[in-house]
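Novice: Dumping the structure here so I can ask a few things about it.
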Amino acid sequence: MKKWLLNWRLFSLFSVMALLLAGCGKPFLSALQPAGEVADMQYSLMLLSTAIMVLVIVVVTIIFIYVVIRFRRRKGEENKIPKQVEGSHKLEIIWTVIPILLLIILAVPTVSATFKLSDVKPMNKEKRDKNTVVVNVRANLYWWEFEYPDYGIITSQDLVVPTDERVYFNLKSSDVKHSFWIPAVGGKLDTNVENNNQFWLEFDQKAADKAKGVFYGKCAELCGPSHALMDFKVKPLPRKEFDQWVEKMKNAKPAATDAVAKEGEEIFNKSCIGCHAVTPADKRPEQARTAPNLANFGDRERIAGILKHDEENLKKWLKDPDSVKPGNKMTGTYGKLTDAQIDALTKYLMSLKVE
Amino acid sequence: MSTVARKKSLIWDYLTTVDHKKIAILYLIAGGLFFLVGGLEALFIRIQLAKPNNDFLVGGLYNEVLTMHGTTMIFLAAMPLVFAMMNAVVPIQIGARDVAFPFLNALGFWLFFFGGVFLNCSWFLGGAPDAGWTSYASLSLESPGHGIDFYVLGLQISGIGTLIGGINFLVTIINMRAPGMTYMRMPMFTWATFVTSALILFAFPPLTVGLVLMMMDRLFGGNFFNAAAGGNTIIWEHLFWIFGHPEVYILVLPAFGIFSEIFATFSRKRLFGYSSMVFATVLIGFLGFMVWAHHMFTTGLGPIANAIFAVATMAIAVPTGIKIFNWLFTMWGGSIKFTTPMMYAVAFIPSFVMGGVTGVMNAAAAADYQYHDSYFVVAHFHYVIVGGVVFALLAGAHYWWPKMFGKMLNETLGKITFWLFFIGFHLTFFIQHFLGLMGMPRRIFTYLPGQGLETGNFISTVGAFFMAAATIILLINVVITSVKGEKVSADPWGDGRTLEWAVASPPPEYNFAQTPLVRGLDALWIEKMEGKKGLTPAEPLGDIHMPNSSILPFVISLGLFIAAFGFMYHAKYSWSLFVGIGGLLITFICMFLRSVVDDHGFHIHKEEVLETEKGVKA
Amino acid sequence: MHVEEKLTAETFPASPEKATLEGKNKFLGFWLFLGGETVLFASLFATYLALRDKTAGGPSADELFKMPLVFVATMLLLTSSLTSVYAIYHMKNFDFKKMQLWFGITLLLGAGFLGLEIYEFNEYVHEGHVFTKSAFASAFYTLVGTHGGHVAFGLLWISTLMIRNAKRGLNLYNAPKFYVASLYWHFIDVVWVFIFTVVYLMGMVG
């Protein structure tokens, strides 16, 4: 009976908390609105630990309020000497044992979830299933590269993944330490300079719809002046559309049609192509890929990861990159461009599309 | 000899003093100044984040401010203020006339001070460090200019000072206790100091090594963290956190000690479960060394390491919980007087419990992948460090102010300070838990509109201004008190239990005319309850041996300060290397002098002691 | 007992290093300091172990290290630890001259060790094993060099003590100083045993 009561109370506490927290934040960003298996697991762990902790807080608060009100020194008690109590073994054992039990309740699911989240066996290269999607994430000052080694394509800034299945990630950094975080979809993992880190995420289709098809990703490790601006976007697609996207990417080539864009292409090929590639199949080694791949630039969500995706912002970025992202590596790598040149470049860049 | 000492000017007196009470005041002033600097930096951070896309403090400059806020608050404000309390109180609490090594005590202070000044010189010499207080290796090697060099060299200097202080208190507590002061009769604050000092002894060397390695890499072409030459930046993370986690307990254990004293005093009751409190303190200190990798859950150490460190971290909650309940039951059945220090102590319990429970949440490794490096963590450690340590320092300052300066801080102003600070604190940091969960990473200088982060950040900024206002009122209180305050007696709170309340306020330079005999826990309380006026002396009145003051600690530290500049600029100017060597020579020559010139101290004669004591009674 | 009191072999206490409060403090404080030093070296050892294979194309441990030289250096330092034991034995027996003699021998052995180490480093540099070459080189020179620096400091310290007290002999003021200096010397010796094992033996075998 008592147990049932406790369960019932815990359950109602859980649902009240879940309701409360769900009101927090935006569906494309908030860890409180989990959008996949990993985030779900972490969210339930959060709820469990919060429930236990609220229980502790409630007990402490009740005793606290009682003590503080009941044992105030009142008027006329100025000379009162309370009894000097040394302690109580019974009480001390109680408040040692109960916390231990509470912690065991928390420790078991923690350990189990920790192991589940690091299960990356399916990405083993030799035994990999051909349907398993693996993405190599390379973090750079201040942009992200996403390479699909099984499809031979590279993109950057916008990560495209299939929904409702586990996607596996290889994470590394090419300059300083960053950290790969898509709050709504799952916890973060660091991109180190000396080794590959691996983990998996799962992107829920329904949650993606709720988030209007785009999740926000962040760099979670201080990496320099523009750390705050090192955002990326995630576009989860149903498996079929994802496969179509891959096919389009494999065959994508820049095709400037109108004259202004052609002019832009010339400028690009003179000043930019040393760093930026415009085809998703970039055979250069990663050390040579020092700037984002622009093959599907026209489809992107944001300019430079943060500005609204329109021509005006692209011009602003090309004119003075440092005013948008202080400390970025593009500033000063190309000569001064005239307004006409910038217009042409903008036309050309916006024409780079696969969709 | 002693009469000569009294004729020296005030400044010279403080430059050369080896008296633990004066060193406490030096720590209090220096730590207080750095606290104001760090607080100002915090305010700048909150102003920048008050609204999305703000341009008050952008990019690299913001990173400098955030780095210096963290570094200053931990190393240059909290640490020295803790040392101020320890120096002011611990020797008297154990019935000693001074610390074991008065000369080293002064040296510890001056090393900390010059290290801190060196670090802050960076603002005027090309920019402050900008890689966060953790200064992770890949970013700090990439950082241009000399900012990180200031961090690396400044912290080495002040770190040596802290290490010396730690050893000093260990020896003092082991060797200098008055007759009858057994280990299990030591006041809780002394116990906390003891365990803290042991933590300092074992935690600071790894930091020093980490800093030396980084110095080698940045200034002398080393390859410890250079992946291209085989280096590994994870080594820095380990070394830093092997220091960094115990550092949290180095700060918070003395805070626990301060509150234990205050709860007992103002409840007029002996500390509940004293022996389990001692046990819990030692256990926390021990476990503090076993959990460092919980700061590295997302580094990619693998599930086995993460699981082990998660469970070990959770274990710390048990002794901490024991303490919380013991404090509550100290008040239970007591006669609680709500003085300013007691208000901080009472407010500390719910505030710190919040910080503690979010700590347990962080320990759940799999969930921590979400919390890590987000504002949730920022909220968590501010609840621990402000709600625990800063509350304790404010409480301790109010509590022992009359002991240190002989005048009582104004209680009304004290309570206003308390309420403003308390409200501001919760306003600033509570909402940050949610900001973090809603996807706000820490250490970002701005955020975009439309991501749901505006309201929370604005509330947080408002709270910061409350805390700033509280600090200003505290300063006003200090000024008013020093101008107008009335002289107080030995036991101004009336409910003092431990030995420091048995000597005059401020205490004479020899503390005790006669070393007291300690007959139990709360030695003064026992005597009071038996209706005695003072302590039972353990020795006849006689000449008192005192240490000589010396300028050498100041010069030794100055030498290292100069050396640090020399080595920092050696790549730019070749002659600078000689400045570095010259600075080291100054230090070594002083050490040589200290070694070869005998220093036997001096004696205060019996008659003089009698005269001083008469003055106190009159 | 006053610290400067002239003592004779009869009145000299059995443990002069702990006969005064100052001595007791020094004794305990120095042991604690050595505890901190142990953690310092442990951190350096851990760093070295993590980086010992990271030679980045430079010479590796088994190519560099030569047993005879390291063995002789080890013997010198081990023996110097023994001679400092003799020195302290004579200090406790209030035999100042013999104490000075054995400390003198300790210094000579220590200087010999340091000389060999400098010679060894010089050889390595000629073989291209310079500090900036690789992570392994940085870790090697920092660990072994920190130890070498400790030896050099110990030599300066002990000789200062010997010269300063040459005329006035032993008393309770300087006995603790000699004692902790010898403690320090033993500590350096123990650290070297670990360096010999972890750096040189393991370097040559694996």
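The values are calculated or read from the model by the stated rules, or taken from the named source; none is laboratory data. All values reported here derive from a predicted model rather than from experimental measurement. Neighbour counts run over all protein chains shown; Cβ positions are idealised from the backbone, glycine included.
Novice: Considering only region A:51-99, how many residues are of a type in the set (Val, Ile, Thr) and more than 7 Å from chain B (Cβ to nearest Cβ)? Explain how you work it out, then say what you get.
Specialist: Restricting attention to region A:51-99, the residues satisfying the condition of being of a type in the set (Val, Ile, Thr) are A:52, A:54, A:56-63, A:65, A:67-69, A:81, A:85, A:93-94, A:96-98.
Then drop every residue that is not more than 7 Å from chain B (Cβ to nearest Cβ), which leaves A:52, A:54, A:58-59, A:62, A:65, A:69, A:93-94, A:97-98.
Of the residues in that region, 11 qualify.
Novice: Which residues, taken from region B:135-151, are more than 13 Å from B:Leu211 (Cβ to Cβ) and not in a helix (DSSP H, G or I)? Write out each step before concluding.
Specialist: Initially, region B:135-151 is screened for residues more than 13 Å from B:Leu211 (Cβ to Cβ), giving B:136, B:138-139, B:141-147.
Scanning region B:135-151 gives B:Tyr136, B:Ser143, B:Pro144, B:Gly145, B:His146.
Novice: Right, here's the next one. Do you know which of the residues in region B:506-552 that are touching a strand residue (DSSP E or B) at 6+ places or on another chain (Cβ under 9 Å) and among the β-branched types (Val, Ile, Thr) is farthest from C:Glu22 (Cα to Cα)?
Specialist: B:Thr536
Novice: If you scan region B:583-618, which residues turn out to be of a type in the set (Phe, Trp, Tyr) and outside any helix (DSSP H, G or I)? Break it down stepwise before answering.
Specialist: First, pick out the residues of region B:583-618 that are of a type in the set (Phe, Trp, Tyr): B:588, B:592, B:602.
The one that is of a type in the set (Phe, Trp, Tyr) and outside any helix (DSSP H, G or I): B:Phe602.
Novice: Now for a different question. Take region A:260-274 and flag every residue that is over 16 Å from A:Ile342 (Cβ atoms) and either crowded, with 16+ Cβ neighbours inside 10 Å or at pLDDT below 90 (or both).
Specialist: Within region A:260-274, none qualify.
Novice: So how many residues does region C:41-58 have that are part of a helix (DSSP H, G or I) and either surrounded by fewer than 19 Cβ atoms within 10 Å (Cβ to Cβ) or more than 7 Å from chain B (Cβ to nearest Cβ) (or both)? Lay out the reasoning, then the answer.
Specialist: Taking region C:41-58 as the starting set, the residues that turn out to be part of a helix (DSSP H, G or I) are C:41-51.
Going one step further and asking which of them are either surrounded by fewer than 19 Cβ atoms within 10 Å (Cβ to Cβ) or more than 7 Å from chain B (Cβ to nearest Cβ) (or both), we end up with C:41-42, C:45-46, C:48-50.
Residues in region C:41-58 being part of a helix (DSSP H, G or I) and either surrounded by fewer than 19 Cβ atoms within 10 Å (Cβ to Cβ) or more than 7 Å from chain B (Cβ to nearest Cβ) (or both): 7 in total.
Novice: Given the options A:Ala259, A:Ala211, name the one that is within 13 Å of chain B (Cβ to nearest Cβ), over 30 Å from B:Ser140 (Cα atoms) and not basic (Lys, Arg).
Specialist: On the way: A:Ala259 fails: within 13 Å of chain B (Cβ to nearest Cβ).
On inspection, the qualifying residue turns out to be A:Ala211.
Novice: Kindly indicate whether A:Glu247 is outside any strand (DSSP E or B) and crowded, with 21+ Cβ neighbours inside 10 Å.
Specialist: no
Novice: If you check every pair at least six apart or on different chains, which have Cβ atoms under 9 Å apart with a residue in region A:264-288 that is assigned by TED's automatic domain parsing to the domain that holds A:Ala340 first and a residue that is among the acidic types (Asp, Glu) second?
Specialist: Partner pairs satisfying both residue conditions: A:Gly264/A:Asp343; A:Val278/A:Glu265; A:Asp282/A:Glu147; A:Glu286/A:Glu145; A:Glu286/A:Glu147; A:Ala288/A:Asp282.
Novice: Which number in (1) more than 14 Å from chain B (Cβ to nearest Cβ); (2) more than 22 Å from the chain's Cα centre (by Cα) marks the one condition that A:Gln287 misses?
Specialist: Checking A:Gln287 against (1) more than 14 Å from chain B (Cβ to nearest Cβ); (2) more than 22 Å from the chain's Cα centre (by Cα), the one that fails is (1).
Novice: Filtering region B:223-262 down to residues that are assigned to a loop (DSSP other than H, G, I, E, B) and of a type in the set (Gly, Ala, Ser), which residue is nearest to the other protein chains (Cβ to nearest Cβ)?
Specialist: Step one: filter region B:223-262 for residues assigned to a loop (DSSP other than H, G, I, E, B), giving B:223-226, B:230-233.
Pick out the ones that are also of a type in the set (Gly, Ala, Ser) and you get B:230-231.
Working: B:Gly230: 3, B:Gly231: 4 Å.
Of everything passing the filter in region B:223-262, B:Gly230 is nearest to the other protein chains (Cβ to nearest Cβ).
Novice: Further question on the same structure: Look through region B:579-618, keep the residues that are acidic (Asp, Glu) and touching a residue at least 12 places away in the same chain (Cβ under 8 Å), and return whichever of them is farthest from the other protein chains (Cβ to nearest Cβ). Steps first, please.
Specialist: Initial filter on region B:579-618 (acidic (Asp, Glu)): B:598-599, B:607-608, B:611, B:613.
Then keep just the ones that are touching a residue at least 12 places away in the same chain (Cβ under 8 Å); that gives B:599, B:608, B:613.
Values: B:Asp599: 10, B:Glu608: 20, B:Glu613: 23 Å.
Per the stated criteria, the residue is B:Glu613.
Novice: For residues that are more than 14 Å from every other protein chain (Cβ to nearest Cβ) and either in contact with an Asp or Glu (Cβ under 7 Å, 6 or more places away or on another chain) or over 21 Å from B:Ala280 (Cα atoms) (or both), tally how many sit in region B:173-188.
Specialist: Total satisfying the criteria: 2.
Novice: So, one more: Report yes if some residue within region B:560-580 is of a type in the set (A, V, I, L, M, F, W, C), over 22 Å from B:Asn120 (Cα atoms) and surrounded by 15 or more Cβ atoms within 10 Å (Cβ to Cβ); otherwise report no.
Specialist: No - not one qualifying residue is present in region B:560-580.
Novice: Going through region B:315-342 one residue at a time, which ones are farther than 26 Å from B:Ser276 by Cβ and more than 10 Å from chain A (Cβ to nearest Cβ)?
Specialist: Step one: list which residues in region B:315-342 are farther than 26 Å from B:Ser276 by Cβ, which gives B:338-340.
Answer for region B:315-342, where residues must be farther than 26 Å from B:Ser276 by Cβ and more than 10 Å from chain A (Cβ to nearest Cβ): B:Thr339, B:Thr340.
Novice: Any chance you could count how many residues in region A:217-244 are away from every other protein chain (no Cβ under 14 Å), crowded, with 17+ Cβ neighbours inside 10 Å and over 27 Å from A:Thr346 (Cβ atoms)? Full working, then the answer.
Specialist: Initial filter on region A:217-244 (away from every other protein chain (no Cβ under 14 Å)): A:235-244.
If we keep only those that are crowded, with 17+ Cβ neighbours inside 10 Å too, we end up with A:235-237, A:242.
Next, only the ones that are over 27 Å from A:Thr346 (Cβ atoms) stay: A:236-237, A:242.
Matching residues across region A:217-244 total 3.
Novice: On to the next question. Is it fair to say B:Leu283 is closer than 22 Å to B:Ala363 by Cα and not in a helix (DSSP H, G or I)? Break it down stepwise before answering.
Specialist: Numbers: closer than 22 Å to B:Ala363 by Cα: yes; not in a helix (DSSP H, G or I): no.
No.
Novice: Continuing with this model, one more query. On the basis of being closer than 30 Å to A:Thr331 by Cα, crowded, with 19+ Cβ neighbours inside 10 Å and within 11 Å of chain B (Cβ to nearest Cβ), does A:Thr155 make the cut? Working first, answer last.
Specialist: Details: closer than 30 Å to A:Thr331 by Cα: yes; crowded, with 19+ Cβ neighbours inside 10 Å: yes; within 11 Å of chain B (Cβ to nearest Cβ): no.
Criteria not met by A:Thr155.
Novice: From the list A:Asn170, A:Asn140, A:Asn131, which residue is more than 10 Å from chain B (Cβ to nearest Cβ) and at pLDDT below 95? Even if it seems obvious, please write down each step before you answer.
Specialist: On the way: A:Asn170 fails: at pLDDT below 95; A:Asn140 fails: at pLDDT below 95.
Going through A:Asn170, A:Asn140, A:Asn131 in turn, just one is more than 10 Å from chain B (Cβ to nearest Cβ) and at pLDDT below 95: A:Asn131.
Novice: Could you tell me whether any residue of region B:207-219 is of a type in the set (A, V, I, L, M, F, W, C) and at pLDDT below 95? Spell out how you get there, then give the answer.
Specialist: The first filter runs over region B:207-219 and keeps only residues of a type in the set (A, V, I, L, M, F, W, C), leaving B:207, B:209, B:211-216, B:219.
With the extra rule that they be at pLDDT below 95, the set shrinks to B:219.
The answer is yes; a qualifying residue exists.
Novice: Of the numbered conditions (1) assigned to a helix (DSSP H, G or I); (2) over 26 Å from the mean Cα position of the chain (by Cα); (3) of a type outside the set (Phe, Trp, Tyr), B:Val478 fails exactly one; give the number of that condition.
Specialist: (2)
Novice: Mind checking which pairs have a first residue in region A:16-44 that is within 24 Å of A:Thr114 (Cα to Cα) and a second that is at pLDDT below 90 and buried (at least 23 other Cβ atoms within 10 Å of the Cβ), Cβ under 7 Å, 6 or more apart or different chains?
Specialist: Hits for this filter: A:Leu32/A:Gly25; A:Gln33/A:Gly25.
Novice: Do you know which residues across region C:29-44 are aliphatic (A, V, I, L, M), touching a residue at least 60 places away in the same chain (Cβ under 8 Å) and more than 15 Å from B:Ile200 (Cα to Cα)?
Specialist: Listed by number, the list holds a single entry, C:Leu44.
Novice: Within region A:187-208, which residues are in a strand (DSSP E or B) and more than 7 Å from chain B (Cβ to nearest Cβ)? Please lay out each step first, then the result.
Specialist: Let us first name the residues in region A:187-208 that are in a strand (DSSP E or B), namely A:187-191, A:197-202.
If the condition is that a residue be in a strand (DSSP E or B) and more than 7 Å from chain B (Cβ to nearest Cβ), then A:Thr191, A:Gln198, A:Phe199, A:Trp200, A:Leu201, A:Glu202 are the ones that fit.
Novice: Here is a follow-up. If you go through region B:539-556, how many residues are surrounded by fewer than 14 Cβ atoms within 10 Å (Cβ to Cβ) and either of a type in the set (Phe, Trp, Tyr) or out of contact with any Ser or Thr (no Cβ under 8 Å at 6 or more places or on another chain) (or both)?
Specialist: Qualifying residue count for the region: 4.
Novice: Mind listing just one residue for me: the one in region C:92-107 that is in contact (Cβ under 8 Å) with a residue 24 or more places away in the chain and aliphatic (A, V, I, L, M) and, of those, surrounded by the fewest Cβ atoms within 10 Å (Cβ to Cβ)?
Specialist: C:Ile105
Novice: Hey, does region B:295-314 have a residue that's in contact (Cβ under 8 Å) with a residue 24 or more places away in the chain, of a type in the set (Val, Ile, Thr) and more than 9 Å from every other protein chain (Cβ to nearest Cβ)?
Specialist: yes
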